[in-house]
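To keep things clear, I will list the structure first and then write my remarks on it.
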Amino acid sequence: MNPSPVFAQASWIASPIAGGKRTSAPAPYLRKLFRLDQPVRSAQLVVTALGLYECEINGRRVGDEIFAPGWTDYNKRVQYQTYDVTGLLRQGENVLGAILGDGWYCGYVAWHGRQNYGERPRLLARLEVIFQDGSTTVIATDSSWKTALGPILESDMLMGESYDARLDLGAWSQPGNDESRWQPVLVAPPDRPVELVPRLGPPVRRIGEIKPLKESRKATWNSKFRIFDLGQNFTGRIRISIRAPRGATLRIRYAEVLNPDGSLYTENLREARCTDYYTCRGEGTEAWEPLFTFHGFRYVDVQGLQPDDFLEVTGVVLHSDMAPTGTFRCSHEGLNQLQHNIVWGQKSNFLEVPTDCPQRDERLGWTGDAQVFIRTAAFNMDVREFFHKWMQDMRDCQGAEGGIPCVVPTIWVWGAEDLPGKDGGPAWADAEIICPWTIYLCYGDRKILADHYESMQRFMEFMAKNRCRGHIRAHPEAFEWQGFGDWLALDGGGKTEGITPVDLIGTAFYAHDADLMAKTADILGRPGDAKKYRILHGEIVDAFRRRFVTPEGLVVSGTQTSYVLALHFGLIEESTRATAVRELVRDIEKRNYHLATGFVGTPYLLDVLENAGRLDVAYKLLEQETFPSWLFPVRNGATTIWERWDGWTPEKGFQDKGMNSFNHYAYGAVGAWMYRTVAGLEPDPNEPGYAHIIFRPRPGGSITWAEASLQTALGLAAIRWDLDGDTLQVQLTVPPGAHATFQPPPGYAAKESTQLKGSHRLVLKKT
Ligand code: BGC
């Protein structure tokens, strides 16, 4: 079978050995020995796998991507990579080899066991060589390739990797290696045809290294627990340097936090074993890093060594390779640590797709989490291509009727049995509209709207037809499964979904979607559609008011999130807004300036307060240090964002182990507010991508200075302010080609300045 012209002459090949639903098989090595009779002018390798691959030519690794070909909806689409390998070939004998890993294709994914897409990993490769005289030859995967099992006894993303160095295959990807124990490969086309496409988003790479803290290197070595503390919760793995006798086996476990007795807290990993094994060859110093697994961790527990053995551990940070673009700092050290934690939450969870968490048996592209965090993400790093790719994944798993599932890529559909199509539910499925819009806003990227528009329209139709009754989305009388609610809100008395009615959340987001659709249609030059969505928006707003808002401006359920959504999405009449704001503030005051919001309400809470003229309350929440607050985990040593406001408390210890990640970025969505409002750096939706920057610092709380910078497509944008008594000094940097407006904070004797270019220094006095 010829899967694609790019792979002409190549067939999918695999090892004859496969694992089962709960048993994994060793990673197969595949190789092809071939002769090139003339000097090489150029050579290109096109390669992909169902599963993961790492290629070698003549003993040298091809490229530097990790987990290639990446994660897509393998039922539809598989990415391939193209490498210039001219420098790796030579006249005479050569070997092209590959190691295959299970990865997402046939390894464990979430709590669904193995083999979710197919039973065994497969390789597809085509090497085209152009000789000096212009003639060409092709080496492609086919039945003439050989395969063997090697030292990787198992390698799974959730379970870990087991490596027996005694089974090392030596120079397996070089000519001259003894092939007598190698078997013929299986030619194994996948069960269903898949589309092969060039890589879309940025590849995962080794982004950095972390050395364990000094104390953990020496002090704990002979103690009960041999635990290395890397000082930072992150996603990746370790590289070890080891000297120990032949056959000594290390058991290497990983955890984000420690139990009070100093042992690893691993209960929150659920079914993910997160354990690597390494068996020593016993010849001098051995170096090893697993190939096809990753863990989310800060602590590493190594067992199986004697006191005389030598071991060095280095953390290897892995994530999708996105350029850092933003910085935020201010006079408050706790908030600086919060910003640090947000960035590390992003690093840890932007791995091929935006995941909820990197450690337990989950690590899925939860649409709600991504939607909540994308605005913050677009400050910290250049996430444009990353989301282009994920939007493609979203189109690939959109239901036939237009629904969007709760995880993308999806391997199962939530509530599929009782739903007329896929539906991730309110605030989850809406990633479909919010994510492309945000990428447009932050990067001026019209293409993502154009590419995704048809899919967005289908989603809107799906909601109208299948998920609403009279514009009320997720109406409880019509739909058994409503959605996830205000996930992990604290107002639910222990119930994870909080008590904000899901139909209120659903209808609020539906209105927001209609509004964004109207704006999108305007941008794409579709006035008819824009009109249609504006009318729909008006109707949804009316339906929302009828059902959820009293004539006086009280919002049903009275939760913080119900007020936040109603106010933020403009669902309350102007005349009664003040009442709604008062009610929201009253609830916050009643809780002694603490929030009670979950995933859904939290991202907009501070915006709503600020826009309602209650910046004072917003800052009190931001600077709050007692539970629940953003700074509570910071004060308790967090280095990433916790999934739950009370992941750990001094009174209760750890939260329910069934759902207690210490590396979930959702609550880190407050990062955008720190950039936009504390520092004051905002794009203008009418000139997106920071072509027109709005500088609008809003000093408050105890903060005396703040600064933010952003590498935009046009260059560096930056703001810094310093408060000294009644004087506010502001420094602005406008990138070349952009222009800016400065909006002074209320209470200062200054006028708005427009058409700013270059650098500016402003001095403002309090009135
Ligand atoms: C995930 C979340 C996700 C949620 C859906 C959890 O298990 O970790 O982050 O959004 O399920 O409610």
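The values are calculated or read from the model by the stated rules, or taken from the named source; none is laboratory data. Nothing here was measured: the structure is a model prediction, and the numbers come from that model. A quick note on method: Cβ atoms are made from the backbone with ideal geometry, for glycine too, and the neighbour counts reach across all protein chains shown. Keep in mind that these areas ignore ligands, DNA and RNA; they rest on the heavy atoms of the full protein, side chains included. Shrake-Rupley method; radii C 1.70, N 1.55, O 1.52, S 1.80 Å.
Values for this structure:
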item	result
Members of segment 145-169 found to be open to solvent by 50 Å² or more (accessible area, probe 1.4 Å) and more than 17 Å from G107 (Cβ to Cβ), listed by number	K146, R166, L167, D168
E119 in contact with a helix residue (DSSP H, G or I) (Cβ under 8 Å, 6 or more places away or on another chain) and open to solvent by 10 Å² or more (accessible area, probe 1.4 Å)	yes
Listing of strands (runs of 3 or more DSSP E) fully contained in segment 278-373 that carry 3 or more residues being β-branched (V, I, T) and in contact (Cβ under 8 Å) with a residue 40 or more places away in the chain	310-320
Out of F350, F328, sole residue that is within 16 Å of the ligand (Cβ to nearest atom) and buried (at least 24 other Cβ atoms within 10 Å of the Cβ)	F350
Number of the condition not met by L50 [criteria: (1) open to solvent by less than 10 Å² (accessible area, probe 1.4 Å); (2) of a type outside the set (S, T, N, Q); (3) farther than 27 Å from R22 by Cβ]	(3)
Residues that are open to solvent by less than 10 Å² (accessible area, probe 1.4 Å), at pLDDT 95 or above and assigned to a helix (DSSP H, G or I), drawn from segment 463-484	M463
Some residue of segment 744-757 being open to solvent by 40 Å² or more (accessible area, probe 1.4 Å), within 21 Å of Y675 (Cβ to Cβ) and modelled with pLDDT of 95 or more	no
Test result for D276, more than 22 Å from the chain's Cα centre (by Cα) and surrounded by 20 or more Cβ atoms within 10 Å (Cβ to Cβ)	yes
Segment 59-76: number of residues that are surrounded by fewer than 18 Cβ atoms within 10 Å (Cβ to Cβ) and within 21 Å of the chain's Cα centre (by Cα)	1
Whichever residue in segment 243-257 is over 33 Å from the mean Cα position of the chain (by Cα) and assigned to a strand (DSSP E or B) and, among such residues, is surrounded by the most Cβ atoms within 10 Å (Cβ to Cβ)	R243
Sole residue being in a strand (DSSP E or B), farther than 19 Å from Y278 by Cα and of a type in the set (D, E, K, R), chosen from E119, E93, E154	E93
Tally of residues being farther than 21 Å from V541 by Cβ and either without any contact (Cβ under 8 Å) to a residue 60 or more places away in the chain or crowded, with 22+ Cβ neighbours inside 10 Å (or both) across segment 498-515	1
Some residue of segment 642-655 being modelled with pLDDT of 95 or more and open to solvent by 10 Å² or more (accessible area, probe 1.4 Å)	yes
Sole residue being buried (at least 23 other Cβ atoms within 10 Å of the Cβ) and out of contact with any Ser or Thr (no Cβ under 7 Å at 6 or more places or on another chain), chosen from D361, D445, D451, D423	D423
Cβ pairs under 6 Å, 6+ apart, first in segment 450-469 and closer than 17 Å to Q392 by Cβ, second buried (at least 18 other Cβ atoms within 10 Å of the Cβ) and β-branched (V, I, T)	M456/I433; F459/I404
Selection from segment 694-732 of residues that are under 18 Å from A377 (Cα atoms) and open to solvent by less than 10 Å² (accessible area, probe 1.4 Å)	A708, L710, A717
Segment 170-194, residues that are farther than 21 Å from P16 by Cα and either small (G, A, S) or open to solvent by less than 50 Å² (accessible area, probe 1.4 Å) (or both)	G170, A171, P175, G176, N177, V194
Matching residues, segment 66-97, being more than 18 Å from R35 (Cα to Cα) and among the small types (G, A, S)	A68, G70
Test for W487: is it of a type outside the set (S, T, N, Q), open to solvent by 40 Å² or more (accessible area, probe 1.4 Å) and within 15 Å of G368 (Cα to Cα)	yes
Subset of segment 581-629 (residues that are in contact with a Leu (Cβ under 8 Å, 6 or more places away or on another chain), part of a helix (DSSP H, G or I) and more than 25 Å from R696 (Cα to Cα))	E583, I588
Residue in segment 666-676 that is assigned to a loop (DSSP other than H, G, I, E, B) and β-branched (V, I, T) present	no
Selection from segment 81-98 of residues that are within 24 Å of H319 (Cα to Cα) and surrounded by fewer than 24 Cβ atoms within 10 Å (Cβ to Cβ)	Q81, T82, Y83, D84
Matching residues, segment 372-398, being within 15 Å of the ligand (Cβ to nearest atom) and open to solvent by 10 Å² or more (accessible area, probe 1.4 Å)	V372
Extreme residue, surrounded by the most Cβ atoms within 10 Å (Cβ to Cβ), among residues of segment 9-47 that are hydrophobic (A, V, I, L, M, F, W, C) and modelled with pLDDT under 95	A18
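Each row is one residue, and each column tells you yes or no for (1) buried (at least 21 other Cβ atoms within 10 Å of the Cβ); (2) modelled with pLDDT under 95; (3) at positive phi; (4) not assigned by TED's automatic domain parsing to the domain that holds I499.
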| position | (1), (2), (3), (4) |
| --- | --- |
| V564 | yes, no, no, no |
| G570 | no, no, yes, no |
| E573 | no, no, no, no |
| R577 | no, no, no, no |
| R586 | no, no, no, no |
| R591 | no, no, no, no |
| T597 | yes, no, no, no |
| G601 | yes, no, no, no |
| D607 | no, no, no, no |
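Listed here are the residues, each with its yes/no results for (1) more than 20 Å from the chain's Cα centre (by Cα); (2) in the same structural domain as G334 (by TED's automatic domain parsing).
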site: Y619; (1), (2): yes, yes
site: P628; (1), (2): yes, yes
site: W642; (1), (2): no, yes
site: P688; (1), (2): yes, no
site: A706; (1), (2): yes, no
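Condition check ((1) within 16 Å of the ligand (Cβ to nearest atom); (2) aliphatic (A, V, I, L, M); (3) farther than 22 Å from E256 by Cα; (4) part of a strand (DSSP E or B)) across all residues:
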position	(1), (2), (3), (4)
A638	no, yes, no, no
W642	yes, no, no, no
W645	yes, no, no, no
N663	yes, no, no, no
Y690	no, no, yes, no
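A quick yes/no check of all residues on (1) modelled with pLDDT under 85; (2) over 30 Å from I342 (Cα atoms); (3) out of contact with any Gly (no Cβ under 9 Å at 6 or more places or on another chain):
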{"position": "G176", "(1), (2), (3)": "no, yes, yes"}
{"position": "E179", "(1), (2), (3)": "no, yes, yes"}
{"position": "V187", "(1), (2), (3)": "no, yes, yes"}
{"position": "R205", "(1), (2), (3)": "no, no, yes"}
{"position": "Q232", "(1), (2), (3)": "no, no, no"}
{"position": "T235", "(1), (2), (3)": "no, no, no"}
